[in-house]
Amino acid sequence: MKKIRIRKLHSQLAPIMVFPLLLTAITGVLYQIVHTLGKDEGFLWLLELHVGKFGRIDLVKVYPFLNALGLIALAVTGITLWLQRRPRRPRSQ
């Protein structure tokens with residue numbers, strides 16, 4: 001794949017994936033904190049958001065797979081772009 005195509009794919013995928021990945025990370029951490037404190041009874045809604053249940057929209061069966069595929073795609077395209085960088089030339093003094 002050409003560098004331009006990979007960069008375009010990465011730049012299109014990143015804004016789409018940032019919200020679900022952040023939502024999963026934040027709700028997971030917050031739920032773990034309240035669970036550790038023994039106060040998780042009132043915070044089950046955090047666990048529902050974490051697994052992909054958004055009110056009437058129930059993505060529980062596909063949400064983890066979509067999150068994982070998006071994260072893998074971002075990692076692969078990001079690493080590919082990073083490896084394709086041209087090495088910097090040392091400054092001449």
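What follows is calculated from the coordinates using simple rules that are stated; it is not laboratory data. Note that the structure is a prediction, hence the values are computed from the model and not measured. Cβ sites come from the backbone with ideal geometry, for glycine too, and all protein chains shown count toward neighbours.
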Handout entry: Relative exposure of R7, R89, judged by other C-beta atoms within 10 Å (fewest first)
Key = R89, R7
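Where the eigenvalues come from the Cα gyration tensor of region 1-45, what are the semi-axes √(5λ) of the equivalent ellipsoid, largest first, in whole Å? Spell out each step's value before the answer.
Working: eigenvalues 277, 14, 5 Å².
Values for region 1-45, descending: 37, 8, 5 Å.
Against the 2.2 N^0.38 Å scaling, with N counting residues, where does region 8-93 land? I'd like the Cα-based Rg ratio to two decimal places.
Working: Rg = 18.7 Å, N = 86, 2.2 N^0.38 = 12.0 Å.
Compactness ratio reported: 1.56.
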Exercise for the section: Provide the gained length on full extension for the span R7 to L66, in nm with one decimal, where the gain is 0.36 nm per separating residue minus the Cα-Cα distance. Expected result: 19.2 nm
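Would you mind ranking H50, H10 by Cβ crowding within 10 Å, fewest neighbours first?
Working: H50 20, H10 16.
Ascending Cβ contact count within 10 Å gives the list H10, H50.
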Problem - Pair A25, W45: separation of 7 Å Cα→Cβ label points (nm) - result: 2.4 nm
Fill in the blank from the handout: Computed ³J(HN,Hα) along region 56-72: with the Karplus parameters 6.51/-1.76/1.60, θ = phi - 60°, integer Hz and x for glycine or proline, the list is 6, 8, 10, 10, 3, 6, 10, 4, x, 5, 5, 4, 5, 4, x, 5, 5
